[in-house]
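What follows is calculated from the coordinates using simple rules that are stated; it is not laboratory data. For clarity, every value in this text was computed on a predicted model and none was experimentally measured. As a convention, Cβ positions derive from the backbone with ideal geometry for all residues, glycine included, and neighbour counts pool all protein chains shown.
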Amino acid sequence: MKSFKRSNAPVWLLKNWVKWGEQFKQKLDNSKKKNEFTWYSYKKEKVNKLLYPILRDLTKNHCSFCDGFPLQQTGETIEHFKPKSKFPLLSYQWENLYISCHNCQQKLDEFNDSLLQPDKVDYEFSEYFIFNYSSGEIKENPAKSLSNQQKAKETIRIYRLNDFGRPEDRKRVFKQFNDSNNPVIDDFAYRFML
């Protein structure tokens, strides 16, 4: 996970997120299908379509969690950090929405309060994780507090940061980065290791 600074919520989202969350909760309460979610529209455009470019810009087209790049090739989606099925009132809250690859979104409804958020002021990769350059894996940083190690371990597990061939892909990207003349870091996945 690479840290990023979250911008202020778009004005149109700020004005509507509470209402849309309440509408979704009511829909969820009255539905037999508990995982059914469709984005509401704002001025005839689906909210997710309006949010994609804004969220993508925050992370420079990288997944908020694994830092995969470019997102369009990894199946970009919008991740509800606190799952919409458990926290329906937050389903449109700006701080709960992250641009994500399809694989990171596979956490589905799993959530606990120890999960790390890359846009929190106190988040820094090295405070929680270490990167093993020979295996390509991310591990919890043993030099940090037990609390930080537990948060890292849960984040790795829930977002499956060492699954989907990511360790091998990280080693490949690291080699490409080092073999490049004047590389631009944002043009590579897994910027936390570069």
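For the range 78-127, residues that are more than 25 Å from Asp57 (Cα to Cα) and surrounded by 20 or more Cβ atoms within 10 Å (Cβ to Cβ) total 1. Can you pull out every residue in the range 61-76 that is surrounded by 17 or more Cβ atoms within 10 Å (Cβ to Cβ) and out of contact with any Pro (no Cβ under 6 Å at 6 or more places or on another chain)? Across the range 61-76, the qualifying residues are His62, Cys63, Phe65, Cys66, Asp67, Gly68, Phe69, Leu71, Thr74, Glu76. Considering the range 1-36, the residues that are closer than 30 Å to Ser126 by Cβ and of a type in the set (A, V, I, L, M, F, W, C) include one that is surrounded by the fewest Cβ atoms within 10 Å (Cβ to Cβ), namely Ala9. Among the residues making up the range 133-175, those that are among the charged types (D, E, K, R) and within 19 Å of the chain's Cα centre (by Cα) are Glu137, Lys139, Glu140, Lys151, Lys153, Glu154, Arg157, Arg160, Asp163, Arg166, Asp169, Arg170. Among the numbered criteria (1) surrounded by 16 or more Cβ atoms within 10 Å (Cβ to Cβ); (2) out of contact with any Asp or Glu (no Cβ under 8 Å at 6 or more places or on another chain), which single criterion is violated by Tyr52? The failed condition is (2). If the condition is being surrounded by fewer than 18 Cβ atoms within 10 Å (Cβ to Cβ) and among the β-branched types (Val, Ile, Thr), then the range 149-194 contributes Val184, Ile185. Residue-level check: of (1) farther than 21 Å from Asp186 by Cβ; (2) aliphatic (A, V, I, L, M); (3) in contact (Cβ under 8 Å) with a residue 60 or more places away in the chain, Met1 misses just (1).
Answer with yes or no whether Tyr40 is more than 16 Å from the chain's Cα centre (by Cα) and not aliphatic (A, V, I, L, M). The answer is yes for Tyr40. Looking across the range 138-158, the residues that are part of a loop (DSSP other than H, G, I, E, B) and of a type in the set (Gly, Ala, Ser) come down to Ala143, Ser145.
Taking the range 1-57 on its own, how many of its residues are of a type in the set (Gly, Ala, Ser) and more than 30 Å from Phe192 (Cα to Cα)? The qualifying residues number 3.
Residue check: is Leu58 farther than 23 Å from Pro167 by Cβ, surrounded by fewer than 19 Cβ atoms within 10 Å (Cβ to Cβ) and in contact (Cβ under 8 Å) with a residue 12 or more places away in the chain?
The answer is yes for Leu58.
Of all residue pairs spaced 6 or more apart or on separate chains, those with beta-carbon atoms under 7 Å, a first member in the range 101-125 that is touching a residue at least 24 places away in the same chain (Cβ under 8 Å) and a second member that is among the acidic types (Asp, Glu) and surrounded by 12 or more Cβ atoms within 10 Å (Cβ to Cβ) are Cys101/Glu76; Cys104/Glu79; Gln105/Glu79; Asn112/Glu154; Ser114/Glu154; Leu115/Glu154. Among the residues of the range 128-148, those that are without any contact (Cβ under 8 Å) to a residue 24 or more places away in the chain and surrounded by 15 or more Cβ atoms within 10 Å (Cβ to Cβ) comprise Ile130, Lys139, Glu140, Asn141, Lys144, Asn148. For the range 111-151, filtering for residues that are of a type in the set (Lys, Arg) and within 21 Å of His80 (Cα to Cα) leaves 2.
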